[in-house]
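What follows is a single structure, written as structure tokens, with notes after it.
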Amino acid sequence: MSGLRRGWFAVALAVALAAVLTFLTLPVVAIFVQQPPGDLIAALGEEGALDALWLSLRTTSAALALILMAGTPAAYLLATRRFRGRAAVITLIELPLVLPPAVAGIALLAALGPATVLGRAAGDAGAPLSLATAGVVVALTFVAAPFYLRQAIAAFEAVDPTLLDASRTLGASPARTWWRVAVPTALPGLVAGTALALGRALGEFGATLMFAGSFQGITQTVPLAIYDRFATDFTAALALSAVLVAVSAGILLSVKLVRGPDVLRG
Amino acid sequence: MRRLLALAGLLVVAGCGDDGTLAVGAGAKKPQLVVSAASSMKQALTTCAPDYADADLRLQFAGSDELAAQIRQGVPVDVLAAASTALPDALAAEGELGAPVSFASNELVLAVPAEKARVASLAELEQPGIKLVIGAEGVPVGDYTRRVLDQLGPRRRDAVLANVRSNEPDVRGVVGKLTQGAADAGFVYATDVEAAGGRLAAIELPEALDATATYGAGVVTAAKQPEAAEAFVDDLLAGGCHEALMAAGFGVP
């Protein structure tokens, strides 16, 4: 009797898994099968598509560089020091994580838009943000940084404090301890955080459009180019989407590899 | 993003439409009509929709090109009211839409911030350094803009287009960039300037540029409520929604 009941339950679980798997993979697979692969590749040869891919690569790299440079030491501080208001600081840092993209766009306009003090100062300094590539980098950094920071804080928290103590006892400066002991030990977590931030930055759409606009080669990243072609050239939209799917899959896979083969084996 | 969400919302709305019992709760059993309309008509149509007696209107607003793409992809819609006649005509030729009718007109204008505008005339748009924002190609407002600029001749047109800093996927993007001070000027419809509530000023374009856009509507071939859809198109031509359109600054085609 109990064996029968267990059999029924196992079947229900398998059906649920099949439903989940079908629902989640069907749209992604459809991107690749709706058009012959040759058409997709040909559509990527279009000048605008290449411009979008190149712009996405440059802006995402710039955003990641900013996030790593400022985020890694900031995360280390938050992971290793206990101070009043620490929880509040972490919550504030994580907030963009759950903000809808449209809210991020409005927030950036309210803080750094061309009508604001800061936005005007950036323009006067010869580095305008709105309708400029720099604005795309700002938008990507804003939405992607929390993904890295969360992971980095967790990774540094997991570093055995006795390792850091030993390093300092042996005469290494705090900075050297951070760079030679803490960062290498936390590296898998830092890489995972980088990949998550990369994925979020590559896919950014709403904040970029609202804050930076959409212009080929200047502010039109791949997601904006996909949207631009949605109505006029669906094949080109599919082709660019296929590239983002491939890159995203690569990011996911590399995170799993860095985290160790255990994850891949399941 | 917002428009993708709108598409998702439309799918949900259309899904509910399959279930006739849902309309009963609303009192009198009226047919439910899904209307896809160009974003520029949002204010006018949301004003007249509650008073429309013959059907329960479910309005969806987006760029006309996108609404047309949705219909081609089989999203269930009863009426398309587009910001051009080219898109409804193309859909009709493909068999997706019944014979379209022209129901309203709108005028393309050069919009500038109401205060401290850097641009006071169309000619000033050609000066280097002016930040211009227009609709993207394939979006009706963007196509109208390019068509109007073509009338200027290649030299003046190229001088204007060289100042474009953003090709926005819909007219709200252009208005937003102007009201936020990101751009000095943009081409939008007269009704958009009206709707911006005093924050924008319109510079009318010379008659010779032929800047009047005609709006076309039609009943979708796959409409679930073809008769109610036909009646709503008539209302756009002469009923309460026609009045609302005129009040919002539209003209008679």
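To keep it simple, each residue is scored yes or no on (1) crowded, with 22+ Cβ neighbours inside 10 Å; (2) within 23 Å of the chain's Cα centre (by Cα).
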| site | (1), (2) |
| --- | --- |
| A:THR91 | no, yes |
| A:VAL117 | no, no |
| A:ALA144 | yes, yes |
| A:ALA154 | no, yes |
| A:THR162 | no, no |
| A:ALA166 | no, no |
| A:ALA172 | no, no |
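Residues in segment A:59-112 that are over 30 Å from A:LEU163 (Cα atoms) and not hydrophobic (A, V, I, L, M, F, W, C): A:THR59, A:THR60, A:SER61, A:PRO96, A:PRO100, A:PRO101, A:GLY105.
For segment A:11-22, indicate whether the set of residues that are on the phi < 0 side of the Ramachandran plot, assigned to a helix (DSSP H, G or I) and buried (at least 16 other Cβ atoms within 10 Å of the Cβ) is non-empty. No; the residues of segment A:11-22 include none that is on the phi < 0 side of the Ramachandran plot, assigned to a helix (DSSP H, G or I) and buried (at least 16 other Cβ atoms within 10 Å of the Cβ). Do the conditions hold for B:LEU80, that is, is it in a helix (DSSP H, G or I) and within 14 Å of chain A (Cβ to nearest Cβ)? Criteria not met by B:LEU80.
Pull up segment A:96-110, narrow it to residues that are over 15 Å from the mean Cα position of the chain (by Cα) and either closer than 15 Å to B:LYS177 by Cα or in contact (Cβ under 8 Å) with a residue 24 or more places away in the chain (or both), then point me to the one that is farthest from the other protein chains (Cβ to nearest Cβ).
Just the residues of segment A:96-110 that are over 15 Å from the mean Cα position of the chain (by Cα), to begin with: A:102-103, A:105-110.
Next, from what is left, pick out any that are either closer than 15 Å to B:LYS177 by Cα or in contact (Cβ under 8 Å) with a residue 24 or more places away in the chain (or both): A:102, A:105-110.
Working: A:ALA102: 6, A:GLY105: 9, A:ILE106: 10, A:ALA107: 13, A:LEU108: 11, A:LEU109: 5, A:ALA110: 9 Å.
It comes out as A:ALA107.
Of the residues A:SER130, A:SER61, the single one that is surrounded by fewer than 17 Cβ atoms within 10 Å (Cβ to Cβ) and of a type in the set (S, T, N, Q) is A:SER61. Among the residues of segment B:47-65, is there at least one that is open to solvent by less than 10 Å² (accessible area, probe 1.4 Å), within 14 Å of chain A (Cβ to nearest Cβ), modelled with pLDDT under 90 and not in a strand (DSSP E or B)? Yes, some residue in segment B:47-65 is open to solvent by less than 10 Å² (accessible area, probe 1.4 Å), within 14 Å of chain A (Cβ to nearest Cβ), modelled with pLDDT under 90 and not in a strand (DSSP E or B).
Where helices (runs of 4 or more DSSP H) fall wholly inside segment A:202-261, the ranges with 1 or more residues that are surrounded by 19 or more Cβ atoms within 10 Å (Cβ to Cβ) and away from every other protein chain (no Cβ under 14 Å) are A:222-229, A:234-258. Taking the stated definitions as given, is A:ALA107 assigned by TED's automatic domain parsing to the domain that holds A:ILE251 and either modelled with pLDDT of 90 or more or assigned to a helix (DSSP H, G or I) (or both)? So A:ALA107 fits the description; yes. Residues in segment B:32-46 that are of a type outside the set (D, E, K, R) and open to solvent by 40 Å² or more (accessible area, probe 1.4 Å) were compared, and the one that is modelled with the lowest pLDDT is B:GLN43.
Entry remark, segment A:110-131: residues being small (Gly, Ala, Ser) and not in a helix (DSSP H, G or I) number 6 in total. Applying the criterion of at least 3 residues that are away from chain A (no Cβ under 14 Å) to the helices (runs of 4 or more DSSP H) found wholly in segment B:85-203 leaves B:86-93, B:140-150, B:154-161, B:190-195. Give just the number: which of (1) in contact with a Gly (Cβ under 6 Å, 6 or more places away or on another chain); (2) away from chain B (no Cβ under 13 Å) does A:PRO73 not satisfy? Every condition holds for A:PRO73 apart from (1).
Just one of (1) touching a helix residue (DSSP H, G or I) at 6+ places or on another chain (Cβ under 7 Å); (2) open to solvent by less than 40 Å² (accessible area, probe 1.4 Å); (3) farther than 25 Å from A:VAL183 by Cα fails for A:LEU53. It is (2).
The values are calculated or read from the model by the stated rules, or taken from the named source; none is laboratory data. None of these values were measured; they are calculated from a predicted model. Because the Cβ atoms are built from the backbone with ideal geometry, glycine has one as well, and the counts that use them run over all protein chains shown. The accessibility values were calculated without ligands, DNA or RNA, using every heavy atom of the protein model including side chains. Shrake-Rupley method; radii C 1.70, N 1.55, O 1.52, S 1.80 Å.
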